[in-house]
Amino acid sequence: MVEQSKGQKRQEVKMLNRKLLEITGVLNVESFDSEEFLLDTDLGFLMIKGQNLHIKHLNLEQNLVAIEGYVHSLAYLDANTSTKTKGLFGKLFK
């Protein structure tokens with residue numbers, strides 16, 4: 001188990017059978033459709049890709065989101081290291 005130092009943000013990602021995803025530490029849902037979600041989290045932007053994705057539960061006061069559907073991938077985006085993510089952010093923030 002990883003110990004958390006003082007002041008460090010904490011995030012939990014729970015997935016059940018690739019069909020239900022619960023994520024804490026969510027600050028905002030930047031964009032979403034049935035195949036892709038982009039979440040702004042305490043630990044950076046998180047991209048979720050899949051099929052028939054939809055929000056089951058959203059509570060930004062508690063920084064919690066639950067997503068149902070078939071999950072293909074989860075990836076944190078780091079704008080400093082990837083030119084592809086810069087293109088993505090450029091499209092999002094035009």
HN-Hα J couplings of the stretch 13-24 from phi, Karplus 6.51/-1.76/1.60, θ = phi - 60°, integer Hz, Gly and Pro as x?
10, 10, 10, 10, 6, 6, 10, 9, 10, 10, 10, 9
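What FRET efficiency would be calculated for the residue pair R18, L58, taking the C-beta separation as r and a Förster radius of 22 Å, to the nearest 0.05? Can you show the working numbers first?
Working: r = 20 Å, r/R0 = 0.92.
Taking R0 as 22 Å, the efficiency between R18 and L58 is 0.65.
Highest first, please rank the peptides 8-17, 30-39 by the mean number of other Cβ atoms sitting within 10 Å of their residues. Numbers along the way, then the final one.
Numbers: 8-17: 10.8, 30-39: 15.5.
For the peptides 8-17, 30-39, the packing ranking is 30-39, 8-17.
By how many nm would the segment from S31 to Y70 lengthen if fully extended, with 0.36 nm per residue of separation less the alpha-carbon distance?
So the extension gain works out to 12.3 nm.
Where a number appears in this text, it was derived from the coordinates with a stated rule and is not lab data. Everything numeric here is computed off the predicted structure, so don't read it as measured data. Positions of Cβ are generated from backbone atoms using ideal geometry, with glycine treated the same way; all protein chains shown enter the neighbour counts.
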